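Visitor: Please see the structure below; I have some questions.
Just so it is clear, none of the values below were taken in a lab; they were calculated from the coordinates. The shown structure was predicted, so the numbers you read here are calculated from the model rather than taken from an experiment. Every residue, glycine among them, receives a Cβ derived from its backbone with ideal geometry; neighbour counts consider all protein chains shown.
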Amino acid sequence: QQALMTVKDLRKHFPIKGGVLGRTQAHVQAVDGVSFEVRKGETLGIVGESGCGKSTTARLLIGLTPKDAGEIIFDGDGLGEGLSLRDLRRGVQMVFQDSYASLNPRMTIADSVAFGARQAGIKDPMSKAQEMMHRVGLDPARFAGRYPHELSGGQRQRVNIARALAMAPRLVILDEAVSALDKSVEAQVLNLLSDLRRDLGLTYIFISHDLNVVRYISDRVLVMYLGEVVEVAPVDRLYTNQAHPYTRSLFSAMPSMDPENRTEAPPLAGDPPNPINPPSGCRFHTRCAFAETICAKKVPALAPMKDAPDHLAACHLLDVHSGHSKAGTWEAA
Ligand code: SF4
Ligand code: MG
């Protein structure tokens, strides 16, 4: 399957105002060496605790936050090489959690949806806006002239989706896009997103803290911890066979996991360490029940499992070449 976007060694460290460690400026290592690909037509889920770098990664992908280092390749062209920031922002749209904050309160729904299309040079932006309103289930005859405050949260999020799609993107990044909605509305919007992806040939990055929602919508899932990728796998594989101790602990708290597939992993204790001065070696070693001496010394590489080349994890205890892991037998230990 071809990659629509490839990210290589993406980095972003934010300087802390007035923060100095020793004689050097302190930084939050928000995203530190993140690499992955998004394949054409898939939904790539991204999970992890809050502050793990999910949202910063999303913002880096469209240049909303400038990267310190790394490569972003979209549809074969590298940013700053064949690809301009303008082209990237046209091809990749984002939908955020807060449906109200993303809309101009003084603009009608139709104007809001048409605005981006006009900016993107789409011809006849108003008819594009009407088409997209139809597609997201908002009858233009009823909704075109309304203002954001006259809509429910679910309707406003449909407007945000319509507005993103009116710019004819190929990749849509959904950052906690359904997280603020009631469960029943959330389910409707998830189904809408699935239908739109199929009908319009879209590709999604779906960021959420909700493991059940991510399972429902994703084809593959990427797990982040403290600014790094610790595991990536096809969704069914990841939800039944987590390899990384962090992923196991994260998923062990998931309420709907059926008992047969529930991992007997220790729950996550405490908060993630401070990203200003992250632990050496494997960043999870301060919370990992299986840490050995090497873990604090050496950064584990993200490597494929032998029995599942599409399943990658970064842990010293995984014998990635044999496909067996000590972590896999830890229940007996
Ligand atoms: Fe735990 Fe070590 Fe694996 Fe990190 S590398 S997850 S500390 S066992
Ligand atoms: Mg976030």
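Visitor: Just order 186-194, 34-42 by mean Cβ neighbour count inside 10 Å, highest at the front, would you? If you can, show how the numbers build up before the last one.
Guide: Values: 186-194: 17.0, 34-42: 18.6.
Put in order of decreasing packing, that is 34-42, 186-194.
Visitor: Mind checking which aspartates and glutamates have their C-alpha under 16 Å from Lys67, skipping anything on the same chain fewer than 8 residues away?
Guide: Those aspartates and glutamates meeting the cut-off are Asp9, Asp32, Glu81, Glu228.
Visitor: Another question about this same structure. Add -39500 (n - 2.57) for each DSSP H run of 4 or more in the chain, then divide by its residues: what number comes out at 222 nm, to the nearest 500 deg cm²/dmol?
Guide: Helix-only estimate at 222 nm: -8000 deg cm²/dmol.
Visitor: For Glu292 and Leu64 in one chain, what is 0.36 nm times their gap in residues minus the Cα-Cα distance, to one decimal in nm?
Guide: Contour length minus Cα-Cα distance gives 78.2 nm.
Visitor: On to the next question. Using a 7 Å offset from Cα along Cα-Cβ at His209, what residues in the range 156-175 end up with backbone N under 20 Å from the label point?
Guide: The answer is 174-175, whose backbone nitrogens lie closer than 20 Å to the label point.
Visitor: Of the listed pairs Lys17/Lys297; Lys8/Lys123; Lys54/Lys298, which have alpha-carbon separations greater than 32 Å here?
Guide: From Lys17/Lys297; Lys8/Lys123; Lys54/Lys298, over 32 Å: Lys8/Lys123.
Visitor: Right, next: Given N residues in the range 151-290, what is Rg(Cα) / (2.2 N^0.38 Å)?
Guide: Against the compact-globule rule of thumb, the ratio is 1.19.
Visitor: Next up: Using square roots of five times the C-alpha gyration tensor eigenvalues, list the equivalent-ellipsoid semi-axes of the range 1-136 in whole Å, biggest first.
Guide: Taking √(5λ) for each Cα gyration eigenvalue gives 31, 20, 15 Å.
Visitor: Considering only the chain, what is the antiparallel percent among its DSSP beta bridges, to the nearest 5? Walk me through the numbers before you get to the answer.
Guide: On the way: 32 of 50 bridges.
That works out to approximately 65 percent antiparallel.
Visitor: Can you list the equivalent-ellipsoid semi-axes of the chain, largest first and in whole Å, using the square root of 5 times each Cα gyration tensor eigenvalue?
Guide: Taking √(5λ) for each eigenvalue gives 37, 23, 19 Å, largest first.
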